[in-house]
Structure formats: C-alpha cells, structure tokens
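The next block holds one structure in the form of structure tokens; read it before the comments.
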There are 2 protein chains.
Amino acid sequence: MGGRGMATIPIAGGRFVIVGGASLVGSATAAELLDAGAAEVTVFDNFSLGSDAAIAHLKDHPRLRLVRGDVMRMPDLLDAMKGADGALLLAAYMTLNMDRDAWGGLDVNIRGVQNALEAARATGLRKVVFASSNAVYGYGPGVSGELVENTPFHSEGAPPAAILYGASKIIGEQLCRHYKRKHGLDYVVLRYSTVYGERQHYRAANALYIIETYDRVKRGEAPRVFGDGSETKHFVYVGDLARANRMAFESAATDVAVNTSGPRPVTTLDLVRMVTRLAGSDIAPEFVGDTPGQVRLTSGGAFRIAHEEAHRAIGWKPLVEMEEGLARLIAWKESNEGKTS
Amino acid sequence: MGGRGMATIPIAGGRFVIVGGASLVGSATAAELLDAGAAEVTVFDNFSLGSDAAIAHLKDHPRLRLVRGDVMRMPDLLDAMKGADGALLLAAYMTLNMDRDAWGGLDVNIRGVQNALEAARATGLRKVVFASSNAVYGYGPGVSGELVENTPFHSEGAPPAAILYGASKIIGEQLCRHYKRKHGLDYVVLRYSTVYGERQHYRAANALYIIETYDRVKRGEAPRVFGDGSETKHFVYVGDLARANRMAFESAATDVAVNTSGPRPVTTLDLVRMVTRLAGSDIAPEFVGDTPGQVRLTSGGAFRIAHEEAHRAIGWKPLVEMEEGLARLIAWKESNEGKTS
C-alpha cells in the first residue's frame, strides 16, 4: 500500500478535520496545526460533550472552520471531510459517561469510528490519526511494570463501564487496521495516557483528580488521597499530545499503534502534593477510602507507560514535565478565561 | 439483588427464547430444554447465518415456536420474549464473517446484545445466559498454559477480524454485568470453546478444520495439517454445551462468567489422525504452510482451557471425549440427514 513516505502529510497548506474537536485535545491540536501553517482546520463536534468554551480562543481564527455535526450521521462526516487531507478521530465517551449511557458510548466509540473511517475512505482522505488510550491495557492488579504496545488487556476486578471503554478502544484500533487492509487507508493509532492541561474539563475519571484537588485546596479544604497514595498515574500534557497528533500526520508511519505518555509516572500522593503547592497552599492531604457508587479506576501497583516506540515510529517524545504542565493548568485556572469556563 | 436460589429457573414448565437459535448450539439446546420439560422453547433467528437445516429435526415439535426475527429490531425481540422466563443469547458473527462484514458483525455482536438485554429487562425475564467465547483470551503467542477466567486478552499478531470478534465478546459480557448492576437482570456468561458435533456448519474457523479434514479424506485426498501439527485446539461437544446452557438456567448462579470447554485439548495432528481414522482411512496427512489471504487462527503453543470454575458455579463438567464426539459427528455426516445438509 504505497512505499515509505507515501503516508506523509505536510501540515503547511494541508486541510484537516478534527472529529470531536471542541475538546481539550481537539482545541490544542487545532491550534498546533494552524500554527504550523494548515490551510484549513475543521473542528467537527456535536457539542454534547464538547463545549464552546474549549474552542472560544480559536473560533475567530480565519483558517478555522467550525462544523456542528454528529459521528452517527454519515452525511455530516462526508460533508466535513470533502477535500481534506487528514482527519484526527477524537470523538469518544470515556468511562464515566459510558457508565451513565452505555448505549450512546458504544454508538460513538464503535459505530462513530466506523462512520468516520468509511467517510475518510469515501472522500479519499490520505491519513487518519485515531486517538486510542492506555485503557487498551485495562485495569486492576495485572496492570503493572512497563506497559508496552503488546501488553495484553487486563480486566479483572474493573467496573463494567471501564472495560466497555477499553474494549471499545481496542475495537476502534482494529477498525483502523481493517480499513488499511481492505481499502489501503493509512493510519496511525496514538494511545494517549491521561491528558491534562489548560482548558481541562471535568469528564475524565483520572484527570478529574487534579481538578478536584485544586478545587478543594482553593476552598481551604484538605485534598483527598484515595488509599495510601502510592498508586501510579501516568499523565501526559495536552500540548505534548497536540504535537504527537501533528507528527503522526507528518511522519511516514502507517499501520502502527504507539503509546503517547508523559515523561514519567507520578504517585497520587506526589500529584496531590504538587497541585497543593502550586495552588499556593501547604495543607496536608486527607487519606480516605473509596466512595461507594462512584467509578474510580485503580491500578494494581507501580507502572510506567513506555513511549519509546512513539519516538521510533513518528519521532515524538514528551517534553513537558508534570510540575511544569500543572503550573500552566493552574495559571490558566486562575486567569480570566479559566475562571469563566 | 436477591438471595441464593433466586436466579434458579426450573426447566420443566419454563418458557425460553433462544436468540440465534437456528444454529448448531441453538438446535441442540432447544432439544435439551424440550426434553427437560420446557413448556415452550422459542427459536428466534433471522436465518442470515442460521439455517432451516439446523432445526429441521425439531420444527414440528409441539412445544417449539419458530420466530423469524432480527436482533437489530427491538419490536421483534420484545414480541418474542413476552411471557418468557429466560433467554439464551447465541446470535453472533464469528471471525470469518466479521472479516467479510465488520459492520454487520459489530451490529449483531454489540448492538444486538444490547437490544436483547434491553428486551429481556423490559419484558421482565428472570435470567439471561450469554454465549461468550474463549476468544476473550485472544490469540497469538501470549495464549498458552492454563486459560482461566481472569486470563487477560492477548491480541499481538492476530488479524483484525479475530480481535474484533474477541473484543465484541468482551463487550457482550460487560453489557450483561452492566444490566445486572443497573437493572438487576440475572445472567450467566458461558465462554464456549470451539464447538463441534452433529449439524456442524461451515462457519467457525476452528471447527471448520474437522469438516475440511473429513471432506478431503472422503474424496481420497490427504488431510492437511498447518504447521507442524503441535498446535493445541480445545473443542467442546455440542451436547455438552446444550447441557451447560440448561444448567446455567437451573443453577442459582448469577453475575458470573465461566469457561465451558471439552474434557481435554488435542493437537491438530491428533485431531486430523482421529478424523482420518473415523472416516475409515489411514491416509497420511500432508504438512502445509498457511494459505495467503485466508484467516487462520493460531495459538502460541500448548494451552488448556480450564473448566473447573464452571463446575463450582453451575455444577457442569464436559462428559463427551473428543473421539466419541467426532464419531457422532461423522455418523451424522454419513446419515441421510447429514448428507443432505
């Protein structure tokens, strides 16, 4: 299906569609592509989970096009992709929304991906970047050590919605492989770890921890640590992901799935201490048990999501350390824009 | 959600719906339930993969009801389940059909299961038995040793359609858990290993091996062994599965997923030799490489699918040894019924 380099899409002069673009990663990627000279970036969103706030800073940009459309409606996708070079597929329900509405979640995460790939094929797009997740490695005690691209999917002890989410991402990835094999559609799968950064929303179960901690500290309450605080989290800064998305389009890579995680994992206790300090407080955390009825995702123990393969495939590595990224998030929260979001 | 014994459905006098019933396992289970005194067994099928031949021996049974319906049409399911006590959910695309039509496969294996669970909830069914698969442990070199219920899902090196199939079964299982948590719907998940037996069809990639071997030997051609023949297969006889389905309804078990495999695994070489002998020949097998373009599912090495947990949960264990089950299959193939199927 084409020789080396055929899958490269130069950003300057290129036209891109970001499906599910009115989002944390979508808005950052739109800005990244526009800054790199894209002729047009289409933000496609139905605004059921996306928000005007996420793209408020971009919406008057002359090369940005905003399309209100739905991944469950093929005509919307076909119209939006006509004449484009590449598409980034971000639209998805994460675990918390999957728990509330498994019907809508499987629609968007599976049929929505099929629709987007079918529209990409039909309109002759040259490359798709699919936003997958380290959720493809699952949850629970099996998830420990170094998580590499062939680590299997663990689900023992995880709540149904988390497994539905992880399995839906496995299916999305395989649909990309299927379209490559059947139709020659080039793709790169990026397995995002938990994203955080400016314009952070309240939807991701793991990233929520940062915002919850900040909000409590700002109210003068002790931040809460669940369990003993030794549990690992491995975040990635949104700007690093926006760069990964751009590089996935630019690189010759195709038919590959790689992890995109931050420089290193943190423990939840370290995370809570960093956020407390950056919020200008030295209040000690409170150690608490789990809240019944609330979906919390726990990992078995220490793990690290290896991102070395992403460097080999698309030349990417994360640049923003957690302390720096958190400082940017908190500066944004304390700015006028963050306060009104 | 109810104490011990609440999830029990006595077969005698009970009313059951078998969704995807015009099939190998469906027809055997219908006969099993009718023999045990079920007041009514509804075979629900759209006959796109199911066949009249599969239920020809049952269709004049006075307590059997045949409904032509589709799992993608809620009214069909709601009508069929009205007044029933339990439903067995069998309707699914397997890997070969998933490769041909991933759209239809994800419809049936995911939305079809959601529709069936929603219809079961709406009509007040007391228990659902969901036919899952050892495909939830995946494929490739990771799948070896003892496969138990918490073995993770391996997918390295597997073709997209196989992973789509396995992940769709993971999702089906989690939808059962989700409906139990949200709506109290009792369920048992049975993870079938590859089924074989009378009224064997030509659809399952693994079971096909038995029929292909038999057909070649009967034509006087050498049976083919792919690779060195040391690869493990772990089949289960259809009658053993029909009994497992019945026992899953009868038992107090709920909210559980267990393996239902045959007494022991065989190597492909042993399997080919057994079929050759039972077909009345002593022709030596031919060792061949893989056929390009054909989906073949390979496992890494020796494995056994442990079924001990099924005994603990529903009191079941497999009774029919491979040689005996193959003899029954071949006797059926050589009978008038088998010849005209």
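Under the condition of being farther than 19 Å from A:Val25 by Cβ and either in a loop (DSSP other than H, G, I, E, B) or facing another protein chain (nearest Cβ under 10 Å) (or both), the residues counted in region A:132-147 number 8. Pairs are defined by a Cβ separation below 7 Å, a sequence spacing of at least 6 or placement on different chains, a first member in region B:6-30 that is within 19 Å of B:Asp70 (Cβ to Cβ) and hydroxyl-bearing (Ser, Thr, Tyr), and a second member that is open to solvent by 10 Å² or more (accessible area, probe 1.4 Å) and at pLDDT 95 or above; the pairs so defined are B:Ser23/B:Leu90.
The strands (runs of 3 or more DSSP E) falling completely within region A:170-287 that include 2 or more residues that are buried (at least 22 other Cβ atoms within 10 Å of the Cβ) map to A:186-192, A:194-196, A:235-237, A:256-260. Reported count of residues in region A:58-85, each being assigned to a loop (DSSP other than H, G, I, E, B), free of Cβ contacts under 8 Å to residues at least 60 places away in the same chain and under 16 Å from A:Glu40 (Cβ atoms), is 8.
Okay, residues lined up against (1) more than 10 Å from every other protein chain (Cβ to nearest Cβ); (2) assigned to a strand (DSSP E or B); (3) closer than 19 Å to A:Val256 by Cα:
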site: A:Ala91; (1), (2), (3): yes, no, no
site: A:Met98; (1), (2), (3): no, no, no
site: A:Arg111; (1), (2), (3): no, no, no
site: A:Gln114; (1), (2), (3): no, no, yes
site: A:Phe130; (1), (2), (3): yes, yes, yes
site: A:Glu149; (1), (2), (3): no, no, yes
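Every listed requirement among (1) open to solvent by less than 40 Å² (accessible area, probe 1.4 Å); (2) under 16 Å from the mean Cα position of the chain (by Cα); (3) not basic (Lys, Arg) is met by A:Leu49 save one, (1).
Set side by side, the residues A:Arg126, A:Arg181, A:Arg177 differ, and just one is at pLDDT 95 or above and more than 9 Å from chain B (Cβ to nearest Cβ), which is A:Arg126. Please go through region B:95-114 and give me each residue that is surrounded by fewer than 24 Cβ atoms within 10 Å (Cβ to Cβ) and over 11 Å from B:Tyr165 (Cα atoms), ordered by number. Across region B:95-114, the qualifying residues are B:Arg100, B:Asp101, B:Trp103, B:Gly104, B:Asp107, B:Arg111, B:Gln114.
For region B:161-168, the criterion of a residue being in a helix (DSSP H, G or I), under 25 Å from B:Thr8 (Cα atoms) and open to solvent by 20 Å² or more (accessible area, probe 1.4 Å) is satisfied by no position. Among the residues of region B:230-270, those identified as out of contact with any Pro (no Cβ under 6 Å at 6 or more places or on another chain) and among the charged types (D, E, K, R) are B:Glu231, B:Lys233, B:Arg243, B:Arg246, B:Glu250, B:Asp255, B:Arg264, B:Asp270. Just one of (1) touching a helix residue (DSSP H, G or I) at 6+ places or on another chain (Cβ under 6 Å); (2) at negative phi trips up A:Gly229, so point out which. Status for A:Gly229: all satisfied but (2). Between A:Gly157, A:Gly172, A:Gly166, the distinction of being modelled with pLDDT under 95 and either at the interface with chain B (Cβ under 10 Å from one of its Cβ atoms) or within 30 Å of A:Arg264 (Cβ to Cβ) (or both) belongs to A:Gly157 only.
The values are calculated or read from the model by the stated rules, or taken from the named source; none is laboratory data. Keep in mind it's a predicted model, so treat the numbers as computed, not measured. Methodologically, a virtual Cβ is constructed for each residue, glycine included, from the backbone with ideal geometry; neighbour enumeration extends over all protein chains shown. The area values use the complete protein model at the heavy-atom level, side chains included, leaving out ligands, DNA and RNA. Shrake-Rupley method; radii C 1.70, N 1.55, O 1.52, S 1.80 Å.
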